[in-house]
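Note sheet for the following structure.
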Amino acid sequence: MKRITKQAVSLLLCGMGTILCDAQESHADRNALYKAEKQLIEGQLSYNPREAVATYTHLASKGSARAMNGLGLIYFKGITTPVNETEGIKWLEKAGENGYAKSWYNLALLYKEGIGKAKDIAKAVSYFEKAAKAGYNKAWQQWAEIYKDGIDVPQDYTAAMDIFRQGAENGNVHCLYSQGYLYYKGFGCQQNYSKALELFESASQKGDKYGMYMLGLCYRNGYGTSIDNEKAKYWLTKSAALGVKSSDRELAESQPENAEPNQAKTVSRPFEEVTNINSTEAPKTFIKVKQLPLNNSLTGNYRGSLIRYDWSGQNIISSIPLEINFNQNGKKLVGNIKEKTGQNVKLKAELQNNKIVFEDSKIELLDYYHKSAPTPYDIKEAQIQLIQADDALFLAGNIQLYDSKRHENEKPMYLIMERSEAVNSTKESLSSVLIYPNPVLSEFNLSFDLDKDMDVSMEIYSMNGVNLYSREWKQMKAGHQSKTINLNLPGGYYPLRLKYNNEIKTTILIKQ
């Protein structure tokens, strides 16, 4: 006999709200279903799954849509009977056809997660739509999020926005928040803090805890409204009390994301589009760069900064020091990018007429909301120009990162870098650095290759630049080197630096 726990029974507890009750159910049938629901909960004195299944079967045969829904889920879970997905689908569809909207939602969830071995997103979308339009309000959010996140379908923010709008009009409060989220970031619409603020306010007044969090951020940063720390604290505190951990973290921060705003109230405006860059300074507000034909080769070593703006592009949020090495061969571009934490990321790209398209190029970056663990990004594309200023050559323009965990683009970014030297094509003295395993539990192997005898030292630093561990090896022989290191440090990210011949090579060690 298969038993069902309290956690798993949630799908079977079909809900006692009037929207889900079968108007044709008699008082006796409703009582019988209530008793059967309790009989499916392991640990209850009334636990009796066989009698419960018999009740569902009997009432479903009498025409109770709620019992049909429960019976369909019983077949899926195999309660007192072998799992039978065909029967499960049959009874859930019967329940929907008889007016029980939640059964369409249950079918959608099953197809989204995978009935048997395969998912069927097309069927999931169809059933979420049926559930939503039949009156099961929770389905609006799930239906829209498939398009918003591009879950096994092409990402379509416009479709998501339209479904969120319909959901909000039909009483789904969280859809108000979700509309605001898209306006806040400018996904599928013109970025608009004022419109986002209005929607977050409406969602918050109706009790949505995530709307409260975003409303608090708007007041704290001055996004779409004047900076108001008291209102920010009020809404963040309410959100935190409802369990939003991000609100707790925001309240603990001494400064907001927009710590040095250009104005007390940030008003969203369309990005300025620039055909010719004529400055080697980072612009105070984001500019959208048009890539012109590149007359000079990109080959070279560049040093500069990656400027991150808020979603409106009106304020600089952070500036990240970078070094980039490019090697151009026709339309092909390879190289690496070094970031202040010590990452050394390989780059691979193709030059097109109006942009540079990257392939299999990834980077991890810390930001205001993720200070302890960096966010992994795919480097998608860039629009750049080369600027000759006196005897110096600068690379400047936009770069687009994609957050693969959240299924969305990162904030607007501007790259400004000066070419310092031509690429050194000579063989590196120290190469092929590898940490294994990485993440590290307590011990790891550090290996690298030397092209000649030399002294090498290793240092491990905190993200704040504090030296936590050092080793030195005198007159290591040319060839492959391998060292086993025991490490007793808290979990986190640590720059590991190898020093040799007045040079430094850095990588990131991850401690579990």
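The values are calculated or read from the model by the stated rules, or taken from the named source; none is laboratory data. Since the model is a prediction, treat every value here as computed from it, not as a measurement. So basically every Cβ, Gly included, is an ideal-geometry build from the backbone, and we count neighbours across all protein chains shown.
Within the range 84-91, is even one residue touching a strand residue (DSSP E or B) at 6+ places or on another chain (Cβ under 8 Å) and outside any loop (DSSP other than H, G, I, E, B)?
Let us first name the residues in the range 84-91 that are touching a strand residue (DSSP E or B) at 6+ places or on another chain (Cβ under 8 Å), namely 85, 89.
Within this subset, residues satisfying the condition of being outside any loop (DSSP other than H, G, I, E, B) are 85, 89.
Within the range 84-91, one or more residues are touching a strand residue (DSSP E or B) at 6+ places or on another chain (Cβ under 8 Å) and outside any loop (DSSP other than H, G, I, E, B).
Filter the range 320-360 down to the residues that are in a strand (DSSP E or B), of a type in the set (D, E, K, R) and modelled with pLDDT under 95, then identify the one that is surrounded by the fewest Cβ atoms within 10 Å (Cβ to Cβ).
Filtering the range 320-360 down to residues in a strand (DSSP E or B) leaves 320-329, 332-339, 344-351, 356-358.
When the remaining residues are screened for being of a type in the set (D, E, K, R), the result is 323, 332, 338-339, 346, 348, 350.
Then drop every residue that is not modelled with pLDDT under 95, which leaves 323, 338-339, 346.
Details: GLU323: 16, LYS338: 18, GLU339: 22, LYS346: 11.
For the range 320-360, the residue satisfying everything is LYS346.
Which of the residues spanning the range 469-488 are part of a strand (DSSP E or B) and closer than 15 Å to ASP453 by Cα? Explain how you work it out, then say what you get.
To start, the set of residues in the range 469-488 that are part of a strand (DSSP E or B) comprises 469-476, 479-486.
Matches in the range 469-488: GLU472, TRP473, LYS474, GLN475, MET476, GLY479, HIS480, GLN481, SER482.
Give the residue, chosen from TYR461, TYR469, that is at negative phi and in contact with an Asp or Glu (Cβ under 9 Å, 6 or more places away or on another chain).
Values: TYR461 fails: in contact with an Asp or Glu (Cβ under 9 Å, 6 or more places away or on another chain).
One residue alone meets the criteria, TYR469.
Tell me, yes or no, whether the range 467-487 has at least one residue that is at pLDDT below 85 and either surrounded by fewer than 11 Cβ atoms within 10 Å (Cβ to Cβ) or not assigned by TED's automatic domain parsing to the domain that holds GLU323 (or both). Step through it out loud before you land on a result.
Filtering the range 467-487 down to residues at pLDDT below 85 leaves none.
Looking through the range 467-487, none of the residues is at pLDDT below 85 and either surrounded by fewer than 11 Cβ atoms within 10 Å (Cβ to Cβ) or not assigned by TED's automatic domain parsing to the domain that holds GLU323 (or both).
A quick yes/no check of all residues on (1) more than 30 Å from TYR210 (Cα to Cα); (2) among the hydrophobic types (A, V, I, L, M, F, W, C):
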| position | (1), (2) |
| --- | --- |
| LYS238 | no, no |
| LEU242 | no, yes |
| LEU251 | no, yes |
| PRO256 | no, no |
| PRO261 | no, no |
| SER268 | no, no |
| THR275 | yes, no |
| THR280 | yes, no |
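Can you name the residue in the range 220-235 that is closer than 12 Å to GLN263 by Cβ and polar (S, T, N, Q) and is also surrounded by the fewest Cβ atoms within 10 Å (Cβ to Cβ) among such residues?
Ranking the qualifying residues of the range 220-235, first place goes to SER226.
For the range 146-153, check the following and say yes or no: at least one residue is within 17 Å of MET214 (Cβ to Cβ), among the hydroxyl-bearing types (Ser, Thr, Tyr) and in contact (Cβ under 8 Å) with a residue 12 or more places away in the chain. Before you say what the answer is, go through the steps one by one.
Restricting attention to the range 146-153, the residues satisfying the condition of being within 17 Å of MET214 (Cβ to Cβ) are 148.
Of the ones still in play, those that are also among the hydroxyl-bearing types (Ser, Thr, Tyr) are none.
No, the range 146-153 contains no residue that is within 17 Å of MET214 (Cβ to Cβ), among the hydroxyl-bearing types (Ser, Thr, Tyr) and in contact (Cβ under 8 Å) with a residue 12 or more places away in the chain.
Would the range 238-254 turn up any residue that is assigned to a loop (DSSP other than H, G, I, E, B), more than 21 Å from TYR368 (Cα to Cα) and more than 26 Å from the chain's Cα centre (by Cα)? I'd like the intermediate steps shown before the answer.
Quick first cut of the range 238-254, residues assigned to a loop (DSSP other than H, G, I, E, B) only: 242-244, 253-254.
Going one step further and asking which of them are more than 21 Å from TYR368 (Cα to Cα), we end up with 242.
Filter once more, so that each one left must be more than 26 Å from the chain's Cα centre (by Cα): none.
No, every residue in the range 238-254 fails to be assigned to a loop (DSSP other than H, G, I, E, B), more than 21 Å from TYR368 (Cα to Cα) and more than 26 Å from the chain's Cα centre (by Cα).
Could you grab me the full set of residues in the range 187-225 that are in a loop (DSSP other than H, G, I, E, B) and either farther than 18 Å from ILE163 by Cβ or outside the structural domain of LEU236 (by TED's automatic domain parsing) (or both)?
Applying the first criterion (in a loop (DSSP other than H, G, I, E, B)) to the range 187-225 yields 187-192, 206-208, 222, 224-225.
GLN190, GLN191, ASN192, LYS206, GLY207, GLY222, GLY224, THR225 - these are the residues of the range 187-225 that are in a loop (DSSP other than H, G, I, E, B) and either farther than 18 Å from ILE163 by Cβ or outside the structural domain of LEU236 (by TED's automatic domain parsing) (or both).
Anything in the range 101-151 that is in a helix (DSSP H, G or I), surrounded by fewer than 20 Cβ atoms within 10 Å (Cβ to Cβ) and small (Gly, Ala, Ser)? List them, or say none.
ALA122, SER126 - these are the residues of the range 101-151 that are in a helix (DSSP H, G or I), surrounded by fewer than 20 Cβ atoms within 10 Å (Cβ to Cβ) and small (Gly, Ala, Ser).
For the range 218-270, give me each residue that is of a type in the set (A, V, I, L, M, F, W, C) and over 18 Å from SER194 (Cβ atoms).
Quick first cut of the range 218-270, residues of a type in the set (A, V, I, L, M, F, W, C) only: 218, 227, 232, 235-236, 240-242, 244, 251-252, 259, 264, 267.
If the condition is that a residue be of a type in the set (A, V, I, L, M, F, W, C) and over 18 Å from SER194 (Cβ atoms), then LEU236, ALA240, ALA241, LEU242, VAL244, LEU251, ALA252, ALA259 are the ones that fit.
Within the group LYS77, LYS90, LYS94, LYS62, which residue is surrounded by fewer than 22 Cβ atoms within 10 Å (Cβ to Cβ) and in contact (Cβ under 8 Å) with a residue 40 or more places away in the chain?
Details: LYS90 fails: in contact (Cβ under 8 Å) with a residue 40 or more places away in the chain; LYS94 fails: in contact (Cβ under 8 Å) with a residue 40 or more places away in the chain; LYS62 fails: in contact (Cβ under 8 Å) with a residue 40 or more places away in the chain.
When all the criteria are applied, what remains is LYS77.
Name every residue in the range 146-166 that is more than 15 Å from TYR183 (Cα to Cα), of a type in the set (D, E, K, R) and at pLDDT 95 or above, in order of residue number. Give the derivation first.
As a first pass, look at the range 146-166 and keep what is more than 15 Å from TYR183 (Cα to Cα): 146-147, 149-155, 166.
Next, only the ones that are of a type in the set (D, E, K, R) stay: 149, 152.
If the condition is that a residue be more than 15 Å from TYR183 (Cα to Cα), of a type in the set (D, E, K, R) and at pLDDT 95 or above, then ASP149 is the only one that fits.
Pick out the one residue from GLY397, GLY342, GLY335 that is closer than 21 Å to SER462 by Cβ, in the same structural domain as MET417 (by TED's automatic domain parsing) and out of contact with any helix residue (DSSP H, G or I) (no Cβ under 7 Å at 6 or more places or on another chain).
Details: GLY397 fails: closer than 21 Å to SER462 by Cβ; GLY335 fails: closer than 21 Å to SER462 by Cβ.
Step by step, each of GLY397, GLY342, GLY335 is checked, and only GLY342 is closer than 21 Å to SER462 by Cβ, in the same structural domain as MET417 (by TED's automatic domain parsing) and out of contact with any helix residue (DSSP H, G or I) (no Cβ under 7 Å at 6 or more places or on another chain).
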